[in-house]
Structure formats: C-alpha cells, structure tokens
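Engineer: This is the structure I have questions about; it appears just below.
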Amino acid sequence: KNHCQITMTNERNAPIEMAPETFRQIGHRLVEAIAGFMEKLEAGPITPGESPQQLQQLLGNESLPESGKNAEDLVLATAQLLFDHSLFNGHPKFFGYITGAPAPIGALADLLAAAVNANVGAQVLSPIATEIEKQTVKWLAEFIGVPPTVGGILVSGGNMANFTGFLAGRTAKAPKQIKQEGIYASIPRLRVYCSKATHTWVEKAVVFFGLGLNALNWIDTDADNRIDPQALEAAIQEDLAIGNQPMMIIGTAGDVSTGAVDDFTALAELSKRYNCWFHIDGAYGIPAAVLPNLQAQFAGIGEADSIALDPHKWLYSPLEAGCALVKDPNHLVETYSSHPVYYNFENSAEGKPQNFYEYGFQNSRGFRALKVWLMLQQVGRNGYIEMISEDCELAKKMYALAEGHEELEAMTQHLSITTMRYIPTDISATGSGEVSYLDQLNEALVNNLQKGGELFLSNAVVRGKYCLRACIVNFRTSAKDIEEMIGIIVREGRVLHLQLNAARLATASTL
C-alpha cells in the first residue's frame, strides 16, 4: 500500500520526463555516435555471427528493475550494444533478401515523427501528418506511373500492403452478403489466381480472410519465372465450367527469387474479360517502373485495381514503410470504414476530412509517411532513376562475372537480382549423383557466408537447383563490392568443398 501512495503537488515531476537541456545533451551524443557508426560501416563486418545463446548471455537474466537508471548511460550503452551485435543491412556487401540500405534522412525523420507522435488514424489527431501522407501516396503513384488520383495508405510492409489490396478486392468482387453473413454464405466458391513464384503472403491472405488455401490456383511459370497467361486463362475457364467464381488475378513485379516481372498487359486484359480484381505485388520491383528503359516491361500497371509497394525495399527507407495503392479509393472505405458512436472525427468545417483509419486495418497509426516524404524530396525522381539504374547495372555485372568464372554457374538475372551456383572444377554439374551434392554444397555455402560477416547472400531454387541469390537494393554498393564478392564466394566455396567432399568420399569408401 505504501508503494502506491502519491503526494500531489502543483507541478508534476514524472520519472519518464526529460529536461530539454538533458534531451539536447543526450541527443547530441547519440547523433555523434550514429554518425561514427555510419562512417565505419563499410570497413566492419556485416554481422558478428553470434548465436541466440551468446546474445542472451550478453543481456543477462536480471529481473525488471525496481528503480530507474540514468537515461544518458542507458542510451549510449544501448547504442554500443546495437553497433556491436547487429546485422547491418546498410553494409555495401549485404545482398540478402530484400531490405534496402536505410537513408540517413529517414533515420532523422523517424526521430522527428516520434517526437511529435502524431496519430495518423484521424485527421483531427494529425492535421499536417494526414496531409503529408496524402501527398506521399500521390507522389508514390506518380513515381511508378499510375494516376495520382488513386487512393492509398502507408503500412508496415509488403504483407500488410498486399493484405490491404487483397481484402479490398474481396469486398469488391465477392457476393455482397459476405460482409454481413460471412464467407460461408459465398456460393459459388471464390478463386484466386497467382503464379507459383508468388510470395507467401498470398497463402496468409486466403487463410486470414476466410477463403482457405484451396481457393488458390497456382499457375505455372515460363522459362523466365513469369506467370503463363495461357495457363492462367485455361485455369479460369476450368473453374467457370465447374461453377467456381474467379475473383482475383495476382501479378508480380519482381518475384522474390529471381526478380522476374509478369506480363501485366496480358493479366489486365484477362482480369477485364473475366471480371476479376487485378492486384500487383510490386513490393520489391515496381519502383523500377521509373526507369525509362524499363517502361515497356512495366506496361499495364495502370490497369491494376490495387498495387503493393515497399519504400523500405527499393526506395531505401528505414523500416517500416509499405504502401497500398487502390485505383478507386472508395473500395478502401467500403472495406475498412466503421463509425462507432465514440468516434468524433467528422467535425471539419471545410468538408469531410480524410481519416486513414477508413483506408486500412489500423486505427492508431504512426507517422510512417514522413521519412518517405522527406526522401522523395531530398532525392527527386532523377536521383532515384540514377540509384535504381546503378543497382540493376551492378546485378548485371555480377551475372557477367559469374558467367565468366570457371567455378560459377550464372543462373538468372532480372532487375537487381542475380542467382548463381558454385561448382568446383572437379565436379560435373550434370553428373549422376553430383547434382544433389552441389545443392548440399551451395546450401552450406550460403549458411557459412551469412555467419562469416564478409558477405551476406540468401538463396533461391531455380529450375530445381539450389542457388546463391544476391539482391542489390543498396545505395552504398559499388563495382568494387561486386568484384570482391565473387572472390569471397569462390574462396569460401573451395574451402567448404574440400571439407564436404572429403567427408563424402570417406563415407563412400566405407560402404
């Protein structure tokens, strides 16, 4: 009871408050530390490669503190903790998955956004933040070449951007009673079409939104990993013949394994012909639509009903920043809007305000748009054309170097993604029994490289072969990094092959 007694005074001195001068002092020291970290980033390892157990030991097993600690000591010690024990996706030799190198202005924007702490769920709670997000959505639409009249909302990333468009499409194309009666009332069965290269978000979507995994019709891809429009139409016609209802066609702008871009003109035409919602997962690749030399490859994106894109991928925003764009914003409102009596968000004297809680899943929303808005202004369209083009050219250089090396097999190259395999000179890539060993060798090589700290790649399975996969969405990466990465792969591949092959031969000799 004594612990809960509080003495009330005319002035409050909360334990979490910080005097402006103290904040200024800590902030200056933190910014200096961050600047030093950025300055030394390239020279250090990508990751220390520590195990979860090592990191748990580092943090210790103390109970929650009963009393508070000094804020400056906490902030600076934590900064050092992160600098010494993180994986740095801003490092110029980080090519794993699809996480962009974070723009410094984005880090400053997140600090500013957190300080103001706008709740961009309702206009009355975030007056200028709402207008900045509206402008950011408009600029992103202009950037990729779709009409700026689309509606949209900033979300956490690709999953949420795709979910936002997917559910809007379900609302638009499913029988109207679904919203009231639930998915069980939907007869005939709703069907969704996507290529076998589509990201796993689509499996989550059909489960979360009541359609079930059997609603997915996975369409074969061509030799370039793009959806086959003829196979797609055949699948739609087969569904119609048995009484199913085609609901949605999903295209991909840069598939996660190889970077392939679907034929959006063909998909748009099929969507119109069969009254399907046309959604594009452009989380990674659609910013490349800004490049003049790729305009033809991205033709048809303006016909999409919804598009997902991630500024924290190829626009180099710090995490988190995704965006869902919908051609007709009314579909977002029809899907997400609700008006309980405790909402008092319509009291604008100059017409109906735009409240972002009506555009997506969240009510309370952080100010994600600020960093994207600032980046778009700092860089401009031409700056992004330069950086995205350079990323693509570096990926082409990587492919060419792999193609010219006797111990590497270049597999695919699309946008800024290149895949390859390490093949020792004493192993036949097509020999009986050797294909399985090469898969084992390349998988072990990916794992070793990820732990080693010099180079971070991910993996892909291309034409049934386990590959090294490199994705460049990094404004710090240079030709020097690409040349050095080839040397690192070959060097580490040779060492690993000596170990694995010796063990394999020893096992064979005992049989």
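Each reported figure results from applying straightforward, stated rules to the coordinates on display, with no laboratory input. All values reported here derive from a predicted model rather than from experimental measurement. Backbone-built Cβ (ideal geometry, glycine too); neighbour counts: all protein chains shown.
Engineer: Report the charge-dipole magnitude of the chain in Debye, nearest 20, computed about the Cα centre from +1 at each Lys and Arg Cβ and -1 at each Asp and Glu Cβ.
Structural biologist: Magnitude of the dipole: close to 820 debye.
Engineer: Can you pull the Kirkwood radius for the chain, inverse mean 1/r over Cα pairs, to one decimal in Å? It would help to have the intermediate numbers written out before the result.
Structural biologist: Values: mean 1/r = 0.0392 Å⁻¹.
Final number for the Kirkwood radius of the chain is 25.5 Å.
Engineer: I've got another one for you. Given axes a ≥ b ≥ c from the Cα gyration tensor, I'd like to know whether the stretch 442-499 is rounded (a/c under 1.5), prolate (a/b larger than b/c) or oblate.
Structural biologist: It comes out oblate by the Cα gyration axes.
Engineer: Sticking with this one: Given +1 on the Cβ of Lys and Arg, -1 on the Cβ of Asp and Glu, and no further charges, what dipole in debye does the stretch 58-145 carry about its Cα centre, rounded to the nearest 20?
Structural biologist: Working: 4 positive and 9 negative charges, 73 e Å.
With only Lys, Arg, Asp and Glu charged at Cβ, the dipole is about 360 debye.
Engineer: I'd like to know which of T136, Q230, P175 lies farthest towards the positive end of the charge dipole of the stretch 119-260, counting +1 on Cβ of Lys and Arg and -1 on Cβ of Asp and Glu.
Structural biologist: My answer, from the dipole projection, is P175.
Engineer: Take the residue pairs K204/K272; K397/K465; K397/K451; K327/K465; K134/K204 and return only those whose Cα atoms are more than 32 Å apart.
Structural biologist: As for pairs spanning more than 32 Å Cα to Cα, those are K327/K465.
Engineer: If packing is taken as the average number of other Cβ atoms within 10 Å across a peptide's residues, how do 357-370, 167-180 rank, most packed first?
Structural biologist: The most tightly packed comes first, giving 357-370, 167-180.
Engineer: With each pseudo-label sitting 7 Å past Cα toward Cβ, what's the K451-E403 distance in nm, one decimal?
Structural biologist: Result for the modelled spin labels: 3.5 nm.
Engineer: May I ask which residue of H414, V473, L370 lies farthest towards the positive end of the charge dipole of the stretch 364-511, with charges of +1 (Lys, Arg) and -1 (Asp, Glu) on Cβ and the Cα centre as origin?
Structural biologist: L370
Engineer: Label-point separation (nm) for M38 and N61, each offset 7 Å from Cα along Cα-to-Cβ?
Structural biologist: Using points 7 Å along Cα→Cβ, the separation is 4.0 nm.
Engineer: Among G151, G100, C194, whose Cα projects farthest towards the positive end of the dipole of the stretch 98-201, with charges put on the beta-carbon of Lys, Arg (+1) and Asp, Glu (-1)?
Structural biologist: Toward the positive end, the furthest listed residue is C194.
Engineer: Can you list the trypsin sites (Lys or Arg not before Pro) in the stretch 404-511 that are in a DSSP coil and have 15 or fewer other beta carbons within 10 angstrom?
Structural biologist: Those satisfying the criteria are R463, R476.
Engineer: A follow-up question, please. Going by the alpha-carbon gyration tensor, a ≥ b ≥ c the square roots of its eigenvalues, is the stretch 181-232 rounded (a/c under 1.5) or, if a/c is not under 1.5, prolate (a/b greater than b/c) versus oblate?
Structural biologist: oblate
Engineer: I need the calculated FRET efficiency for the pair L505 and A234, taking r as the beta carbon distance and R₀ as 60 Å, to the nearest 0.05.
Structural biologist: Details: r = 49 Å, r/R0 = 0.81.
Efficiency, rounded to the nearest 0.05: 0.80.
Engineer: Charges only on Cβ, +1 for Lys and Arg, -1 for Asp and Glu: so what's the dipole of the stretch 391-511 about the Cα centre, in debye to the nearest 20?
Structural biologist: 220 debye
Engineer: Roughly what % antiparallel, to the nearest 5, for the DSSP beta bridges in the chain?
Structural biologist: Counting only bridges with both partners in the chain, antiparallel ones make up about 60 percent.
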